[in-house]
Amino acid sequence: MTKHGARRTGLPFVLWIPGVVALALVVLPVVGLIVRSDLGNLPNLITSPGAVHALDLSLRTAVVATVLCLVLGGPLAVLLARSTMPGLRVVRALVLLPLVLPPVVGGLALLYLFGRAGFGGKLLYEAFGLRLSFSTTAVVLAQTFVAMPFLVVGLEGALRTAGERYEAVAATLGAGPWTVFRRVTVPLVLPAIGSGLVLCFARAMGEFGATITFAGSLEGVTRTLPLEVYTLAETDVDSAVAVSLLLVVVSIVVIVVARPRAVEGRL
């Protein structure tokens, strides 16, 4: 009996077999990395200049990309959930496109838009003298491109689940649209915003395909931690494994420390 007096429902045994297999599929590859790593030399490998620079670049660009996802993707999610403009299904499909596109294809799309030969890149260079491709800014754009749908999808779903009744009540009491959005809508979906930002940051930290295609792999400029792993894997396997473990640790810390309680079902 639970503390509320309700009897806990048992789980079918048949669920345990695929559940354990799924858990093993996630955990065992990480165990394989640990077994393969040179634990005695691990501190020296993960504190090498290349690894430190790549980690610093990954953290900085992932933070900026996450902020962009919030500033741009947050309003987009509200429009998708609350707007009645025609063509919303098409817009929603386009927003989800980065989730299903191979990252390399996304990187090529960005390159042919903002690269030197792309029409967007030409306009920026002629108007402001800016070249985005193969720069740190390109890393941020690539990360934002692949990460933003995670925030938009989660936030739109939360807004639809919450409904519009509280906003309607606030409007009938005389609150304007901006006041309703700021004082009612945003507080209502704060847990969803938090969980979406965590997913965006984690996705940005692990981004590889779009980044290497659009930004290249220039040490100290565009070589993030995943690109550092790829580079080291061709020349120094021990260092590649060590940096991979560093990326795993950073990802776990981000999820465990920053993950909102609401995601874990403990509202």
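FYI, it's all coordinate maths here, none of it is from the lab. Since the structure is predicted, the reported quantities are computational estimates derived from the model, not experimental observations. Cβ: placed from backbone, ideal geometry, glycine included. Neighbour counts: every protein chain shown.
Counting Lys and Arg as +1 and Asp and Glu as -1 over every other residue whose Cβ lies under 14 Å from the Cβ of Asp236, the net charge comes to -3. Simple rule: put +1 on each Lys or Arg Cβ and -1 on each Asp or Glu Cβ in the chain, find the dipole, and look at Leu70, Ala168, Val14; the Cα lying farthest toward the positive end is Ala168.
I'd like to know which of Val184, Ser244, Phe128 lies farthest towards the positive end of the charge dipole of the chain, counting +1 on Cβ of Lys and Arg and -1 on Cβ of Asp and Glu. Positive-end residue among those listed: Val184. Size descriptor for the chain, Kirkwood hydrodynamic radius: 21.2 Å (Cα pairs only, one decimal). In the chain, helices alone account for a calculated mean residue ellipticity at 222 nm of -21500 deg cm²/dmol, with every DSSP H run of four or more residues adding -39,500 (n - 2.57). Using only side-chain charges placed at the Cβ, +1 for Lys and Arg and -1 for Asp and Glu, the dipole size of the chain relative to its Cα centre rounds to 1200 debye. Per-residue packing, averaged as other Cβ atoms within 10 Å, sorts the ranges 21-30, 210-219 into the order 210-219, 21-30, beginning with the highest.
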